[in-house]
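The values are calculated or read from the model by the stated rules, or taken from the named source; none is laboratory data. The structure presented is a predicted model; accordingly, all values stated were derived computationally and were not measured. Cβ atoms come from the backbone with ideal geometry, glycine included; neighbour counts cover every protein chain shown.
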């Protein structure tokens, strides 16, 4: 038999007190420079909450993402990369993926002003050629309208980490060949530094912390190269239900980690 369900009217103030205490204890000098966030669990959230359509959950998730950016700005996190759509997601049934395309298009319409207010510049990475033209056009307009800022927001959309590494290797080889390196000598010029210089965002620092919601404990191809020495926070809640206190807990655990970078 299950116990009594907690009344949010009473638990919410307790969580706010707990959250403020955690926030005060965070060491600003030990916060991550680059956070990767995997927005996972929209459809399971819709089923759990009895929502009429997946679109309701998608919209809740994108509003949560905009709220999340505010949390990051409050803590002066310099760089955030958000994975909103993987290449594997593109094969989902039309009744699932088309409403999500619409939701992302709506979000890109709001994002430039929101990002600018929070001090974020904006970039989009991924295999955009695989996505609907209307979505790509809205993303490109958002990037142009957002301008620059002291912080950087990257949206990974139609993105796969393996494909990014393949693209980087291909670009590196083409670059070496263009510089006249003989085919038989190309292998000797391919190294980690060269590949890193041809990633989608070569100037972005490696990820320090990767957060994934919905209880899944895997990267699924997110920032495979950049996350080699990242810390990970796998959070049980579905993305639309992700709370500020969940974020601060992840930062607390990150700050407490003894990061040895393989040493």
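Is it the case that segment 113-131 has a residue that's surrounded by fewer than 19 Cβ atoms within 10 Å (Cβ to Cβ), farther than 28 Å from residue 73 by Cβ and touching a strand residue (DSSP E or B) at 6+ places or on another chain (Cβ under 7 Å)? Yes, segment 113-131 has at least one match. Of the residues making up segment 71-128, those that are in a strand (DSSP E or B) and in contact with a helix residue (DSSP H, G or I) (Cβ under 8 Å, 6 or more places away or on another chain) are 80, 82, 84, 85, 120, 121, 122, 123, 124, 125. The listed residues are 222, 234, 242, and the only one of them that is buried (at least 16 other Cβ atoms within 10 Å of the Cβ) and out of contact with any strand residue (DSSP E or B) (no Cβ under 7 Å at 6 or more places or on another chain) turns out to be 242. Pull up segment 91-111, narrow it to residues that are closer than 14 Å to residue 158 by Cβ and modelled with pLDDT under 95, then point me to the one that is surrounded by the most Cβ atoms within 10 Å (Cβ to Cβ). For segment 91-111, the residue satisfying everything is 92.
Within segment 167-210, the set of residues being without any contact (Cβ under 8 Å) to a residue 40 or more places away in the chain, under 20 Å from residue 80 (Cα atoms) and surrounded by 10 or more Cβ atoms within 10 Å (Cβ to Cβ) comprises 196, 197, 198, 199, 202.
Among the residues of segment 136-162, those that are touching a residue at least 24 places away in the same chain (Cβ under 8 Å), out of contact with any strand residue (DSSP E or B) (no Cβ under 8 Å at 6 or more places or on another chain) and either buried (at least 18 other Cβ atoms within 10 Å of the Cβ) or closer than 14 Å to residue 104 by Cβ (or both) comprise 138, 141, 161.
Rundown of residues vs (1) part of a helix (DSSP H, G or I); (2) surrounded by fewer than 16 Cβ atoms within 10 Å (Cβ to Cβ); (3) modelled with pLDDT of 95 or more, yes/no style:
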position	(1), (2), (3)
3	no, yes, no
12	yes, yes, no
17	yes, yes, no
36	no, no, yes
40	no, no, yes
63	yes, yes, yes
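Residue count for segment 72-90, restricted to those that are loosely packed, with under 15 Cβ neighbours inside 10 Å and farther than 19 Å from residue 219 by Cα: 2.
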